[in-house]
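Beneath this line is the structure, given in structure tokens, with notes to follow.
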Amino acid sequence: MQTRFSPEQLRDPGIAASEKILRTCVHCGFCTATCPTYVTLGNELDSPRGRIYLIKDMLENGRAADEKVVTHIDRCLSCLACMTTCPSGVDYMHLVDHARTHIEETYRRPFLDRLIRNILALVLPYPGRFRAALHAARLGRPFAGLLRAVPALKRFAAMLDLAPTRIEPKSRFAAPGAHAPQTGRRGRVAILTGCAQPVLRPSINDATIRLLNRLGVEVVVPEGEGCCGALVHHMGREEAALADARRNVDAWTRQIEADGLDAIVITASGCGTTVKDYGWMLRHDPAYAAKAERVSALAKDITEYLASIELPEPALRPGHTVAYHSACSMQHGQKITAVPKDLLKAAGFKVCEPAEGHLCCGSAGTYNIMQPDIAAQLKARKLKNIEATRPDAVATGNIGCITQIGSGTELPVLHTVELLDWAYGGPKPAGIGDAQAGAPGIDDFLMDVAQ
């Protein structure tokens, strides 16, 4: 793509990076076939190619964002399916991140839009506040129907709809400290406890720590770490996101310099994509660039880390049929595709892959709140494909997907590590029943075991 930025504009590091990205786009349009919003809405401006044109025009002309640009950029899920599809290697992720920062700096949103964004930014990254908000949501849930009937208040209804009916107690693993292995130590890792996940599903990190301890790995919950910054980052609040990144880099660097770390294990793939990007995010900060690069290099999804160490034979082979939903941040953001499925198969699960696995479920951080209508269409499409496989359970690697998919099905929706923990000697995950007799592939699986 030809660009016409002035030398003065290119002295801005953000503009220079975006100009380089824009020049790699060749207008081929392959991205439109895998873009969830284009597939759903059919509008060229709701495709990556269309958004690239809008971003180029806005940045090249040094213009403040307008309503048209904001509408179409806001509809982007940042699922990054376009980056998997793109034959030219367009770095759409960093381009749209820059566009969101520009929007935040130059566009004044309507009052309700600003209000809900401020609420999300002030609540979700803080587990204590988030837990209190979920308790308050139980009081507001009876009014969700009324809010849904008023277009301007739909987003508040979406928040109430997504709030769980039961709030889990705080896990003992959430506090800073070290969790010693049950056998001789073979490794030492830090775990990102996160912000929303330990409130919505504390069993995920519990299962991770139990499993790693049984495998001989010491797990450290570092003092001072917190939200990865993804939430505010995708809102264009760059300074807030960088502050979160620096805080975490400091917390993990203390552990690296004390007793060393083999990895920083992350159990939410959306967070993993962001932490692995800390090196880029802090590249212009002389005090943090090298430290952030080191942290990004150590960041591993839990399935990545498990695949890097030798696992014993499973304690049991459950034989359940599991529909594996590959979170966008896992398959497109981190390019982890086969590893989770291979681990589940090795643990004795029959893994099936729903159709259109490349398409987003509609969660995408806070997207299912900010764009509830599009998110609902994507969820319905995803559920139809998942349920067509007739599984006993759904496995995925991201809390957002677990919440989104779980809000529309009776199937147990579990984190991959919860199933692995069970197979390797941990407790049976809540909500999962016995394997279905006659479920697709079970007979074949039993025959393989018998042989």
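The values are calculated or read from the model by the stated rules, or taken from the named source; none is laboratory data. Since the structure is predicted, the reported quantities are computational estimates derived from the model, not experimental observations. Because the Cβ atoms are built from the backbone with ideal geometry, glycine has one as well, and the counts that use them run over all protein chains shown. The accessibility values were calculated without ligands, DNA or RNA, using every heavy atom of the protein model including side chains. Shrake-Rupley method; radii C 1.70, N 1.55, O 1.52, S 1.80 Å.
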key: Leu343 vs. criteria open to solvent by less than 10 Å² (accessible area, probe 1.4 Å) and in contact with a helix residue (DSSP H, G or I) (Cβ under 9 Å, 6 or more places away or on another chain)   = no
query = Restricting segment 186-196 to residues that are modelled with pLDDT of 95 or more and crowded, with 20+ Cβ neighbours inside 10 Å, which is nearest to Val275 (Cα to Cα)?
reply = Leu192
note = Checking Ser18, Ser78 in turn, the sole residue that is closer than 16 Å to Gln371 by Cβ, open to solvent by less than 60 Å² (accessible area, probe 1.4 Å) and either small (Gly, Ala, Ser) or at pLDDT below 95 (or both) turns out to be Ser78
key: Filtered residues of segment 341-361 (kept if in contact with a Leu (Cβ under 9 Å, 6 or more places away or on another chain) and part of a helix (DSSP H, G or I))   = Leu343, Leu344, Ala346
query = Scanning segment 281-324 for residues that are of a type in the set (S, T, N, Q) and over 20 Å from the mean Cα position of the chain (by Cα), which turns out nearest to Val339 (Cα to Cα)?
reply = Ser308
ask   = Quick one: in segment 362-412, which of the residues that are charged (D, E, K, R) and in a helix (DSSP H, G or I) is farthest from Phe156 (Cα to Cα)?
value = Glu387
ask   = Failed condition for Ser78, given (1) part of a helix (DSSP H, G or I); (2) among the polar types (S, T, N, Q); (3) in contact with a Gly (Cβ under 9 Å, 6 or more places away or on another chain), with all others met?
value = (1)
query = If you scan segment 355-364, which residues turn out to be on the phi > 0 side of the Ramachandran plot and crowded, with 22+ Cβ neighbours inside 10 Å?
reply = Gly362, Ala364
message = Take the conditions surrounded by 13 or more Cβ atoms within 10 Å (Cβ to Cβ), in a helix (DSSP H, G or I) and in contact with a strand residue (DSSP E or B) (Cβ under 7 Å, 6 or more places away or on another chain) and apply them to Ile116. Does it pass?
response = no
task = Go through segment 300-328 and count every residue that is touching a Ser or Thr at 6+ places or on another chain (Cβ under 7 Å), aliphatic (A, V, I, L, M) and either modelled with pLDDT under 95 or part of a helix (DSSP H, G or I) (or both).
result = 1
ask   = Is one or more of the residues making up segment 134-145 open to solvent by less than 60 Å² (accessible area, probe 1.4 Å), of a type in the set (Gly, Ala, Ser) and not in a helix (DSSP H, G or I)?
value = no
request  = Report the residue count in segment 265-290 for those that are farther than 16 Å from Gly333 by Cβ and either crowded, with 20+ Cβ neighbours inside 10 Å or at pLDDT below 95 (or both).
outcome  = 3
key: Selection within segment 18-59 - in contact with a helix residue (DSSP H, G or I) (Cβ under 7 Å, 6 or more places away or on another chain), in a helix (DSSP H, G or I), touching a residue at least 40 places away in the same chain (Cβ under 8 Å) and of a type in the set (Ser, Thr, Tyr)   = Ser18, Thr37, Thr40
task = Can you work out which of the residues in segment 169-183 that are among the aliphatic types (A, V, I, L, M) and within 24 Å of the chain's Cα centre (by Cα) is surrounded by the fewest Cβ atoms within 10 Å (Cβ to Cβ)?
result = Ala175
query = Do the conditions hold for Ser296, that is, is it surrounded by 24 or more Cβ atoms within 10 Å (Cβ to Cβ) and closer than 24 Å to Thr396 by Cα?
reply = no
key: Subset of segment 206-231 [open to solvent by 10 Å² or more (accessible area, probe 1.4 Å), outside any loop (DSSP other than H, G, I, E, B) and either out of contact with any Leu (no Cβ under 9 Å at 6 or more places or on another chain) or more than 21 Å from Ala163 (Cα to Cα) (or both)]   = Asp206, Arg210, Asn213, Arg214, Glu218, Ala230
